[in-house]
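K.L.:
There's a structure below that I have some questions on.
No value in this document is a laboratory result; all are computed from the given coordinates. Fair warning: this is a prediction, and the values are worked out from it, not measured in the lab. With ideal geometry, Cβ positions are generated from the backbone for all residues, glycine too; neighbour counts draw on all protein chains shown.
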Amino acid sequence: MSEPVVRDHVPSEKYNREKDSSTSDLGTSDNVLGGPIAGEVTDFEEQRTDLEKQKTAEGNAHFHRLGWKRLTIVLIVEAIALGSLSLPAAFASLGMVAGVICCIGIGLIAIYTSDIVGKVKIAYPEVAHYADAGRLLMGRFGYEVVGAMFVLQLTFLVGSHCLTGTIAFLNITDNGACSVVFGVVSAIILLLIAIPPSFAEVAILGYIDFVSILLAIGITIIGTGVVAGQAPGGMSAVNWSAWPKPDLSFAEAFIAITNICFAYSFSMCQFSFMDEMHTPTDYVKSIWALGLIEIFIYTITGAVVYAFVGVDVKSPSLLSAGHTLSKIAFGVALPVIFISGSINTTVIGRYIHGRIYKDSVTRFINTPKGWATWLAVITTITVAAFIIAEVIPIFSDLLSISSSLFISGFTFYLPAWMWFKLLRKGKWYAKENLVNSIMNAFCFLIGIVVLVCGTYASIDDIIKSFQAGTTRGVFSCAPIG
């Protein structure tokens, strides 16, 4: 993989006009996207009190503490969650051979597109969130559209983790309370963990998160292996196949493929995380470490659990580990459910809070007003995510549609577009560009295929859910799943 493009970047006049049009009249002493611009002094800066200057300096230092190791942990928190335990079901649809090929191949493509995201951040340091990259691609329109995609997808993911927490509590307690009660408890836990605004602080919890998912996967593998060994005929009787199941429909096949694609969607928050790095060029170590860890975990989990359970594997697969072990696995998985869910709240909160207070010391969240507004923002996000997840009967299918619509862009076609527009030097067919041109055209094509076919498959699944009468009720006390 080539070295990242590093250059002193001065935003274009058009870019600055668009940026200034969306700011308040307070001034622009600090870079609206990526922090203060070196050497820039304005009337706004001169008018600041000594306390404001002190808080600004402290804030800048506080939000630039991430090294590559902590970035890797933060990316793991955002990327690896219980969704990895849904991959054996994808293997059951695609078969062992196609499942392994997809896990490894899509993982390598995700590393490549994540590298492009990192290069854009190095070349354009003012990009603090994915929405800012949208501005570079399409001006103010791109900023608003990509920002809306960013907020919607992450809010839906918070709601998804809220529902997953509810399912975990229901499983652990044998449906011991109304599911809405457990939903409220899950939302409160997600909110509390999201309070620290710095990703360096989240990285500390990330170690617990990583151990949690590894233990949950380990328990699931051991549990499903024990169940398979005790069944009549033992392991040799497990009904698994190297090839796709005979009655596989197009929609089922593509849902399985898109589930693998979504498991590698770590580049969505990469701009936000890299904005806190003290040495951003170290991102390459992080994305390779994360990518290889993900490929290993996803491939082993999908293949081994599918081999132990067969075509009847449940999603998430820890439900196939037996009654007692599934409870233990859910209990062990509680940290990853809530830590991985809350980081999405933190990312949205930083984007919205930073956008509202971009010209104020309040954005550093180290003053009474900063903390009050931060708590208000993340509380609003959490409540909205909880309500959306509980009120929309087809929320799980809606999440699949949003993932097809948005993650296909964040992971595939937007990075490819960024390479062609922001990083490429010279003609696309020039000798030095030809390999990257072909790679990025391929990534763009994958993104469009996932966008179109994934959306079609999700809509088809919604229609079948309505026909089968399996949609959830609104604020229902009935068990979920």
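K.L.:
What is the ratio of the Cα radius of gyration of the stretch 39-177 to 2.2 N^0.38 Å, with N the residue count, to two decimals? Could the numbers behind the result be given before it?
P.N.:
Working: Rg = 21.4 Å, N = 139, 2.2 N^0.38 = 14.3 Å.
Compactness ratio reported: 1.49.
K.L.:
Here's a follow-up. If I measure Cβ to Cβ between cysteines in the chain, which ones have no partner under 4.7 Å?
P.N.:
Among the cysteines of the chain, those whose Cβ sits 4.7 Å or more from every other are CYS102, CYS103, CYS162, CYS261, CYS269, CYS443, CYS453.
K.L.:
Based on the mean of other Cβ atoms within 10 Å per residue, sort peptides 313-322, 430-439, 210-219 so the most packed one is first.
P.N.:
Packing order, densest peptide first, comes out as 313-322, 210-219, 430-439.
K.L.:
What helices does the chain have that are whole DSSP H segments, at least 15 Å long along their own axis by Cα, and with mean Kyte-Doolittle hydropathy of 0.0 or more?
P.N.:
Span-like helices here: 68-79, 96-123, 130-172, 179-193, 199-230, 250-263, 283-309, 323-356, 368-391, 434-468.
K.L.:
Taking the simple approach of a point 7 Å from Cα along Cα-to-Cβ for both ILE104 and ASP174, what is their distance in nm?
P.N.:
4.5
K.L.:
How big is the gap, in Å, between the Cα center of the stretch 359-401 and the Cα center of the stretch 187-212?
P.N.:
Their Cα centres are 15 Å away from one another.
K.L.:
Further question: Stretch GLU52-THR380 to full length: gain in nm at 0.36 nm per residue minus the Cα-Cα span?
P.N.:
Result for the pair: 115.4 nm of gain on full extension.
K.L.:
If the cut-off is a Cα-Cα distance under 16 Å, which lysines reach LYS425, setting aside same-chain residues fewer than 8 apart in sequence?
P.N.:
Leaving aside lysines fewer than 8 places away in the same chain, those within reach of LYS425 are LYS119.
K.L.:
Right, another one. Among rounded, prolate and oblate, which fits the stretch 368-454 when a ≥ b ≥ c are the square roots of the eigenvalues of its C-alpha gyration tensor, a/c under 1.5 means rounded, and a/b larger than b/c means prolate?
P.N.:
Cα axes put the stretch 368-454 in the oblate bin.
K.L.:
Using only the Cα atoms, what convex hull volume per residue in Å³ does the chain have? All intermediate terms of the calculation are to be shown ahead of the outcome.
P.N.:
Working: hull volume 67.5 nm³, N = 481.
It is 140 Å³ per residue.
K.L.:
Put +1 on the Cβ of every Lys and Arg and -1 on every Asp and Glu Cβ in the stretch 303-391; which of THR373, VAL391, LEU319 then has its Cα farthest towards the positive end of the dipole?
P.N.:
About the Cα centre, the residue reaching furthest to the positive side is THR373.
K.L.:
May I pose another question? Obtain the radius of gyration and the Kirkwood radius of the stretch 232-385 from its C-alpha atoms and give Rg over Rh.
P.N.:
For the stretch 232-385, the value is 1.09.
K.L.:
Grab the other residues whose beta carbon is less than 15 angstrom from that of ILE255, score K and R as +1, D and E as -1, and report the net. Intermediate values should be presented prior to the final figure.
P.N.:
Working: positive: LYS245, LYS464; negative: ASP247, GLU252, ASP397, ASP460, ASP461.
Overall, the nearby charge balance is -3.
K.L.:
Please compute the modelled spin-label separation between VAL311 and LYS427, points set 7 Å along Cα→Cβ, answer in nm with one decimal.
P.N.:
5.4
K.L.:
Which lysines have a Cα less than 29 Å from the Cα of LYS55, not counting those fewer than 8 places away in the same chain?
P.N.:
Within reach: LYS19, LYS69, LYS121, LYS358, LYS369.
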